[in-house]
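Peer 1: Let me give you the structure first, and then I'll get to my questions.
The values are calculated or read from the model by the stated rules, or taken from the named source; none is laboratory data. Note that this is a predicted model, so its numbers are computed, not measured. Methodologically, a virtual Cβ is constructed for each residue, glycine included, from the backbone with ideal geometry; neighbour enumeration extends over all protein chains shown. For accessibility, only protein heavy atoms count, side chains too; no ligands or nucleic acids. Shrake-Rupley method; radii C 1.70, N 1.55, O 1.52, S 1.80 Å.
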Amino acid sequence: MDIITLWTLLIAAPFVGSFLGVVVTRLPVGRSVVWGRSACDRCGHALGPASLVPVLSYLWSKGRCRYCAAPIGAFHPAIELAAVLPPLCLAFLIPLDSLTLCAGTGLGWALLALAWIDLRHMILPDVLTLPLILAGILVGWAQDGHFPVDRLAAAAAAYAGLVLLETLYWRIRGRDGIGRGDAKLLAAGGAWTGPAAVPHVLLIAALAGLLAMAALRLAGRRVDGRRVDGTTPMPFGPCLALGIWAAWLFTLPDL
């Protein structure tokens, strides 16, 4: 295990999580994730460096804006802490080289952002899913030493399979069931895990989706396909993200 790389990733994780929070809040509404200072949602006051320290600034201000005392939602500290999970998971696995550590952590962070965006906005932006497909192929190329045709084929087959399922669902039910964003995310899963693991991605995602719907039923909410209470769509992206992450972990050598 490359301890220096691992500790660097763990220390950087909350700061990356802070940036992911910006991505989740700005990207779906068309705002730049690079330009423009962070500001209080209520008073609009630009936040200084002391207000941007991950987790600690939230605790220090007791969850309120330093300028107008408006309550700050738990989203930002939650995603900052959640960003620690990918490198922390890898710390307990077999000895991994620096490339695998960095690539796996990056995959976890991208999946975290995509899952959170889909939960909040019911979209999976191409600007995140398409580069994730390319990244999976490039990482496979670097690890295998030759162009990973199998991963490219897995990405194409995964996308085509889910698009076919989407078309069949539309013809049978007369409404959307699975979005193209889901198909592109599954394609990214194929690029990262290879053809043999794609069925496992779908199995884990399906089980996660069924558990989520069962939990909603137990909570007294009506579930109708991908729609909850008949009107609110249920996102499948978080389930796919979980499936991709779990399948990728189990494709690691000797795991």
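Peer 1: Skipping prolines and chain starts, which residues have an amide H placed within reach, meaning under 5 Å, of the one on R64, given they are 5 or more residues away or on another chain?
Peer 2: I72
Peer 1: Stokes-Einstein diffusion coefficient for the chain at 4 °C in a medium of 1.567 mPa s, Rh from the Kirkwood formula over Cα pairs: what value in µm²/s?
Peer 2: Estimated via Stokes-Einstein, D reaches 66 µm²/s.
Peer 1: Before I look further, what does the range 68-185 give for accessible area per residue, probe 1.4 Å, in whole square angstrom?
Peer 2: 49
Peer 1: Okay, moving on. Of L20, A46, A91, which is farthest along the charge dipole of the range 1-92 in the positive direction, counting Lys and Arg as +1 and Asp and Glu as -1 at C-beta?
Peer 2: A46
Peer 1: Would you mind working out the magnitude of the charge dipole of the range 16-152 relative to its Cα centre, with +1 at each Lys and Arg C-beta and -1 at each Asp and Glu C-beta, to the nearest 20 Debye?
Peer 2: 780
Peer 1: Now for a different question. Quick check for me: using +1 on Lys/Arg Cβ and -1 on Asp/Glu Cβ, what's the dipole size of the chain about its Cα centre, in debye to the nearest 20?
Peer 2: Roughly 1160 debye for the chain.
Peer 1: Mind listing P(r) for the range 1-92? All alpha-carbon pairs, 5 Å bins, whole percents.
Peer 2: It works out to 3, 13, 21, 23, 18, 11, 7, 3, 1, 0, in whole percents.
Peer 1: Next question. Kirkwood hydrodynamic radius, the range 124-254, all distinct C-alpha pairs: what's the number in Å?
Peer 2: One decimal place: 15.4 Å for the Kirkwood radius.
Peer 1: Where nothing but the Cβ of Lys and Arg (+1) and of Asp and Glu (-1) is charged, how large is the charge dipole of the range 1-73 around its Cα centre, in debye to the nearest 20?
Peer 2: It works out to roughly 360 debye.
Peer 1: Between A39 and residues 5 or more places away or on another chain, which pairs have amide H atoms under 5 Å apart, with H built 1.01 Å from N, and which residues are they?
Peer 2: Close amide H contacts, sequence-distant or interchain: L47.
Peer 1: For the range 58-139, which trypsin sites (Lys or Arg not before Pro) are both in a DSSP coil and crowded by at most 11 other Cβ atoms within 10 Å?
Peer 2: When the trypsin sites (Lys or Arg not before Pro) of the range 58-139 are filtered for loop state and at most 11 Cβ neighbours within 10 Å, K62 remain.
Peer 1: Using a 1.4 angstrom probe on heavy atoms only, work out the carbon and sulfur share of the accessible area of the chain in %.
Peer 2: Heavy-atom surface of the chain belonging to carbon and sulfur, 1.4 Å probe: 69 percent.
Peer 1: What number, in percent, do you get for the relative contact order of the chain if the mean sequence gap of Cα pairs under 8 Å and at least 6 apart is divided by its residue count?
Peer 2: Taking the mean separation of contacting Cα pairs over the length of the chain, I get 18 percent.
Peer 1: How much net charge surrounds S18 when only other residues with a Cβ under 14 Å from its Cβ are counted (Lys, Arg +1; Asp, Glu -1)?
Peer 2: +1
Peer 1: Based on DSSP H assignment, which helices of the chain show an axial Cα extent of at least 24 Å together with a mean Kyte-Doolittle hydropathy greater than or equal to -1.0?
Peer 2: 3-26, 98-121, 126-144, 149-173, 198-218
Peer 1: Here is a follow-up. Could you give the longest part of the chain that holds none of the chymotrypsin sites (Phe, Trp or Tyr not before Pro) found in DSSP loops with at most 11 neighbouring Cβ atoms within 10 Å?
Peer 2: 93-255
Peer 1: Sticking with this structure for a sec: Grab every C-alpha pair in the range 109-179, bin the distances at 10 angstrom width from 0 up to the longest one, and report whole percents.
Peer 2: Bins of 10 Å from zero give 18, 35, 35, 11, 1 percent of pairs.
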